[in-house]
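Structure first, commentary second.
The values are calculated or read from the model by the stated rules, or taken from the named source; none is laboratory data. Keep in mind the model is a prediction, meaning the values are calculated, not measured. Heads up, the Cβs are rebuilt from the backbone with ideal geometry, glycines too, and the neighbour counts pull from every protein chain shown. These area figures cover heavy atoms from the full protein model, side chains too; ligands, DNA and RNA do not enter into them. Shrake-Rupley method; radii C 1.70, N 1.55, O 1.52, S 1.80 Å.
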Amino acid sequence: MTIRKFSFVLIIILAFSLGYSFKTYTSPDQNAIRKVTGIGGIFFKCKDPKKLREWYKTNLGLNTNQYGAVFEWRQAIDSTKKGYTQWSPFSEKTKYFEPSTKDFMINYRVENLSALIEQLKKDGVTITDEIEIAEYGKFVHILDLEGNKIELWEPNDVEYEKLGKKMGSITTK
């Protein structure tokens, strides 16, 4: 092999190795579980959800629907994509927050819910139900160390938006 061919092969190998090393060094760990990515919803108990929704609509300008209001925003990681946060008053008699005795529940947006649940199980976190799959995402509930029920949501924002349009819902922006 001539020196010229050897040098060329060596340069190709070096370029490939440096490119691979740079990509590996600068890329996030593919095995890392990206946990909470945002707030998916705020849910709370009240005496008269219908009356309270109307109060928020009249006094604070929320575009309410039968479930509360939906806030629309742009995702920081990709501003061409929309994201949504649900705001919902529930009847004070709701059982939905059980086994928690608190008057509120937070819904957190997550990625890769299945992997996250497996990790939470390994960490001894109480999982209160099985993953539920809907067109607009996957859901599961956990308890924090003080007994607050938390809803985890792996959203499908495209389908969530379609559902809102189908319901005639207007988002609050």
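Go ahead and run the numbers for FRET between residue 170 and residue 93, Cβ-Cβ distance against an R0 of 30 Å, rounding to 0.05.
For residue 170 and residue 93, the calculated efficiency is 0.60.
Just read off the accessible area of residue 104 with the full protein assembly in place, 1.4 Å probe, to the nearest 10 Å².
Surface accessible to solvent at residue 104 totals approximately 90 Å².
List, in order, the whole-Hz ³J(HN,Hα) value for each residue of the range 73-82 obtained from phi through the Karplus relation with A = 6.51, B = -1.76, C = 1.60 and θ = phi - 60°; use x for Gly and Pro.
8, 9, 6, 5, 6, 7, 5, 7, 9, 7
Determine the order of 55, 87, 73 by accessible area, beginning with the largest, at a probe radius of 1.4 Å.
Largest accessible area first, the list is 55, 73, 87.
What's the Cα-based Rg to Rh of the range 72-173, Rh via Kirkwood?
0.98
In nm, to one decimal, how far is the residue 66 label point from the residue 158 one, both placed 7 Å along Cα→Cβ?
The answer from the label model is 2.7 nm.
Give me the 1.4 Å probe accessible area per residue for the range 22-173, excluding ligands and nucleic acids, in Å².
Result: 65 Å² of accessible area for each residue.
What is the magnitude of the charge dipole of the range 21-173 about its Cα centre, with +1 placed on the Cβ of each Lys and Arg, -1 on the Cβ of each Asp and Glu, and no other charges, expressed in debye to the nearest 20?
Here the range 21-173 has a charge dipole of around 580 debye.
If the chain between residue 135 and residue 39 were fully stretched, how many nm would it gain, using 0.36 nm times the residue separation less the Cα-Cα distance?
So the chain would gain 32.6 nm between residue 135 and residue 39.
Assuming R0 = 25 Å, what is the FRET efficiency of residue 73 and residue 104, from their Cβ-Cβ distance, to the nearest 0.05?
0.75
Using a 1.4 angstrom probe on the protein heavy atoms only, line up 53, 74 by accessible area, largest first.
74, 53
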